[in-house]
Amino acid sequence: MLDFSSVNGKVAIVTGASKGIGEAIARCYAEHGMKVVCANRDPIRGNEVVESIRKDGGEAVFFRTDCSKPEDIKALVDFTVEHYGRLDGIVNDAGIGMGGNPLHEYSLEDCDKIFNLNLKGVFAGVKYASEAIFKSKAEGGFIINVASIAGIMPQRGQALYTATKFGVVGLTQSAALDYAPYNVTVNAICPGYTETPIFDGAPEQAKQYFINDCPSGRMGKAEECAYLALFLASDMARYVNGAVIPVDGGLSAGAKNVTMWKHPEILNK
Ligand SMILES: NC(=O)c1ccc[n+]([C@@H]2O[C@H](COP(=O)([O-])OP(=O)(O)OC[C@H]3O[C@@H](n4cnc5c(N)ncnc54)[C@H](O)[C@@H]3O)[C@@H](O)[C@H]2O)c1
């Protein structure tokens with residue numbers, strides 16, 4: 001039977017929780033009785049999210065964190081254990097996009113910037129959180145890394161972003177092998193084109209392209225990733241480990257070919 005009560009009271013860190021997918025996950029966790037540490041660089045927006053979660057009856061606290069700095073992530077984990085007395089799981093969501101150029105046009109500074117956050121930040125999140133999860137003797141610890149379809153399907157014009165997300169997928173699966181015997185799961189969520197502020201300022205044409213490119217004919221909603229993150233945090237998902245799960249409307253399932261339906265009338269009501 002579908003029962004999310006096992007997450008009630010679990011303590012989780014969500015990085016990137018001030019916007020987009022991270023915010024949706026933090027809200028969803030708090031709605032289901034989890035204690036959430038919302039980590040982000042922006043204290044104004046971060047505190048707004050926390051206040052709004054509390055107004056809705058949830059339990060959350062903000063901790064200012066630059067996830068491209070491993071020392072900030074260590075401080076975040078230490079704060080969580082001090083504040084809530086334990087850690088059951090982490091969602092490493094904070095990440096940036098970087099796209100639209102052929103590889104040679106990216107600079108070494110671009111490379112450092114995106115690797116430091118999207119990959120090294122996730123490594124630090126898994127490293128420090130796993131230590132705290134073990135020390136907490138968590139029954140059903142969980143680690144969720146937000147990768148991308150770019151972590152399973154290379155993207156033209158996105159060599160660096162693709163490299164970081166393939167890295168996150170590899171790191172996830174390797175860590176799952178490390179921790180599986182100790183009842184800590186490590187999984188990756190791979191969003192497809194999802195409507196979040198990451199696309200603020202993107203031209204309307206780009207959004208139309210995303211919609212046309214997706215077999216489901218629409219962009220995803222941040223909540224659709226949050227539902228999966230909730231399941232992965234619950235005891236129902238204890239046997240789901242090392243999984244790399246797309247939430248992408250079928251985008252990574254394969255190429256869209258031309259199809260002629262012999263009986264399109266079955267679609268009519
Ligand atoms: N939206 C999509 O279509 C899409 C698709 C695939 C993967 N993703 C991945 O999902 C994750 C979230 O993306 P989103 O669309 O919600 O983006 P977003 O821009 O809406 O949110 C990103 C979050 O990360 C935070 N952040 C950025 N830099 C940070 C730093 N140095 N330290 C701490 N926090 C930082 C931002 O403040 C924000 O809260 C990212 O890892 C992204 O790569 C998104």
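Listed values, structure above:
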{"item": "Sole residue being in contact with a Gly (Cβ under 6 Å, 6 or more places away or on another chain), more than 15 Å from the ligand (Cβ to nearest atom) and open to solvent by less than 30 Å² (accessible area, probe 1.4 Å), chosen from ILE149, ILE133", "result": "ILE133"}
{"item": "Count - residues of the range 152-168 that are in contact with a Pro (Cβ under 8 Å, 6 or more places away or on another chain) and polar (S, T, N, Q)", "result": "1"}
{"item": "Considering residues of the range 45-58 that are more than 11 Å from the ligand (Cβ to nearest atom) and under 27 Å from LYS120 (Cβ atoms) only, the residue most open to solvent (accessible area, probe 1.4 Å)", "result": "ASN47"}
{"item": "Residue pairs meeting the criteria (Cβ under 8 Å; at least 6 apart or on separate chains; first farther than 14 Å from ARG64 by Cβ, in the range 75-86; second part of a helix (DSSP H, G or I) and of a type in the set (Lys, Arg))", "result": "VAL81/LYS135"}
{"item": "Pairs with Cβ under 7 Å, 6+ apart, first in the range 137-149 and within 13 Å of ALA180 (Cα to Cα), second among the acidic types (Asp, Glu) and in a helix (DSSP H, G or I)", "result": "GLY140/ASP235"}
{"item": "Residue count, the range 59-89 (criterion: in contact with a Phe, Trp or Tyr (Cβ under 8 Å, 6 or more places away or on another chain), open to solvent by less than 10 Å² (accessible area, probe 1.4 Å) and not polar (S, T, N, Q))", "result": "5"}
{"item": "Positions within the range 99-126 being more than 16 Å from the ligand (Cβ to nearest atom) and in a helix (DSSP H, G or I), in sequence order", "result": "LEU103, HIS104, GLU105, LEU108"}
{"item": "Members of the range 67-88 found to be farther than 16 Å from SER136 by Cα and in contact with a strand residue (DSSP E or B) (Cβ under 9 Å, 6 or more places away or on another chain), listed by number", "result": "CYS67, ASP72, ILE73, ALA75"}
{"item": "Residue count, the range 165-178 (criterion: touching a Ser or Thr at 6+ places or on another chain (Cβ under 9 Å) and buried (at least 21 other Cβ atoms within 10 Å of the Cβ))", "result": "3"}
{"item": "Residues within the range 242-269 that are touching a residue at least 60 places away in the same chain (Cβ under 8 Å), outside any loop (DSSP other than H, G, I, E, B) and under 19 Å from GLY170 (Cα atoms), tallied", "result": "3"}
{"item": "Answer residue from the range 97-110, given it is in contact (Cβ under 8 Å) with a residue 24 or more places away in the chain and open to solvent by 40 Å² or more (accessible area, probe 1.4 Å) and is nearest to ALA159 (Cα to Cα) among those", "result": "LEU103"}
{"item": "Scope the range 184-214; condition open to solvent by 70 Å² or more (accessible area, probe 1.4 Å) and either in contact with a His (Cβ under 9 Å, 6 or more places away or on another chain) or not aliphatic (A, V, I, L, M) (or both); matching residues", "result": "GLU195, ASP200, GLY201, PRO203, GLU204, GLN205, GLN208, TYR209, ASN212"}
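The values are calculated or read from the model by the stated rules, or taken from the named source; none is laboratory data. Everything numeric in this text was worked out from a predicted model, so none of it was measured. Please note: Cβ atoms are built from the backbone with ideal geometry, for glycine as well, and neighbour counts cover all protein chains shown. Protein only, heavy atoms only, side chains kept; ligands, DNA and RNA dropped before computing areas. Shrake-Rupley method; radii C 1.70, N 1.55, O 1.52, S 1.80 Å.
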